[in-house]
Amino acid sequence: MQKMFMLTVFCLLVMSCGTMSQAPDPTYYLFDAEPRVQKQKTTTTRIKLEQIKLADYLSTNQLVMRDGGQVLIKANYHSWADSLDDAIGRALLSDLNTLNENSEFVSRCNSCDSISVTIEHFYPGADGKLLLSGFFEISSKNTENTLSRFKLVDDLSIDGYANAVKQMREQVGALAIQINQKL
C-alpha cells in the first residue's frame with residue numbers, strides 16, 4: 001500500500017513537471033529604430049509638434065492587434081520599448097524635417113505655429129490590414145487653424161509583430177507627407 005502511494009506521488013510529480021512550461025521572453029520593439037541625423041537648418045521659421053495624443057487603448061506598452069469586429073487584443077509578450085506617443089513624435093519630427101526645407105520642426109518653442117496630432121486607431125489586424133487614422137490640426141498665428149482627418153490602410157506584407165512595427169513606422173512617414181502637404 002505504501003509503495004502504491006509513493007508510486008502515485010512520484011507519477012504525479014513527473015506529470016506536473018512535464019506540463020509546466022516557461023513563459024516566452026518578452027520582445028521589445030523600437031518604433032523609431034533608425035533615427036536620422038538632422039542637418040542644421042538656417043531658416044527662422046519654426047513649427048512646434050505638440051505631444052501626440054493617443055486613444056486610451058494605445059497608451060500602453062503592449063502592442064495591440066485587431067482580431068476582428070470590435071475585438072482588440074493586447075499582446076502578452078510583445079511590448080514597445082518606450083512610450084508610443086513619444087516615439088511617434090520623434091519619428092514625425094524626423095520625417096517632417098527631412099521633407100520640408102523651409103521650416104524647422106521642433107518639440108519645444110514659444111509663440112510658434114504648431115501641429116497637434118491625435119491618433120484614434122493604430123494597429124495591425126488579423127485580416128492582414130494595417131490601420132492608422134485620426135486627425136491633425138495646424139495652428140498658425142497668421143491664418144485660420146486647419147483640421148484634417150487621415151486614414152491610412154495598408155496590406156501587411158508578411159505576418160508577425162516585427163513586420164507590423166516596421167510597416168507602422170512607414171505609415172507614420174506617409175502621415176508626415178500628408179501633414180507637410182497641408183503646410
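The values are calculated or read from the model by the stated rules, or taken from the named source; none is laboratory data. Quantities reported herein were computed from a predicted structural model and do not represent experimental measurements. We place every Cβ from the backbone using ideal geometry, glycine too, and count neighbours over all the protein chains shown. In case anyone asks, the SASA skips ligands and DNA or RNA and just uses the protein heavy atoms, side chains included. Shrake-Rupley method; radii C 1.70, N 1.55, O 1.52, S 1.80 Å.
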Kindly evaluate G134 against the criterion of being in contact with a Ser or Thr (Cβ under 7 Å, 6 or more places away or on another chain) and over 16 Å from N180 (Cβ atoms). yes
Determine whether L156 is over 27 Å from V37 (Cα atoms), surrounded by 14 or more Cβ atoms within 10 Å (Cβ to Cβ) and over 14 Å from the mean Cα position of the chain (by Cα). yes
Expected output for the range 22-33 (first residue modelled with pLDDT under 90, partner surrounded by 12 or more Cβ atoms within 10 Å (Cβ to Cβ) and among the hydrophobic types (A, V, I, L, M, F, W, C), Cβ below 9 Å, 6+ apart or cross-chain) is D32/A87; D32/I88; D32/A91; D32/V172; A33/A81; A33/V165
With modelled with pLDDT of 95 or more, open to solvent by 30 Å² or more (accessible area, probe 1.4 Å) and under 22 Å from L156 (Cα atoms) as the only criterion, which of E120, E137 stands out? E120
Using the structure shown, decide if K74 is surrounded by 10 or more Cβ atoms within 10 Å (Cβ to Cβ) and out of contact with any helix residue (DSSP H, G or I) (no Cβ under 9 Å at 6 or more places or on another chain). no
